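The values are calculated or read from the model by the stated rules, or taken from the named source; none is laboratory data. Just so it is clear, the model here is predicted, and its values are computed rather than measured. So basically every Cβ, Gly included, is an ideal-geometry build from the backbone, and we count neighbours across all protein chains shown.
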Amino acid sequence: MEITPFASAVMPFTVALVLVVAVSHPDPAVRERALHVLEVLFGTQR
């Protein structure tokens, strides 16, 4: 998959936003979903 210049410019902000949601959102289901998105982005497992 090719990463466009736009995607590489937006990615740090997207990751930061998802990380903030994963840490601070009051709803556990939303936090869990945000953690899953980070796992998919970075290819990690819990």
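A few remarks follow.
- Pairs with Cβ under 6 Å, 6+ apart, first in region 10-21 and at pLDDT 90 or above, second surrounded by 14 or more Cβ atoms within 10 Å (Cβ to Cβ) and of a type in the set (Val, Ile, Thr): 18/37
- Filter result (among the hydrophobic types (A, V, I, L, M, F, W, C) and over 11 Å from the mean Cα position of the chain (by Cα)) within region 1-22: 1, 3, 6, 7, 9, 10
- Filter result for residue 29 (more than 9 Å from the chain's Cα centre (by Cα), modelled with pLDDT of 85 or more and part of a helix (DSSP H, G or I)): yes
- Subset of region 22-37 (residues that are free of Cβ contacts under 8 Å to residues at least 12 places away in the same chain and surrounded by 11 or more Cβ atoms within 10 Å (Cβ to Cβ)): 25, 30, 31, 32, 33, 36
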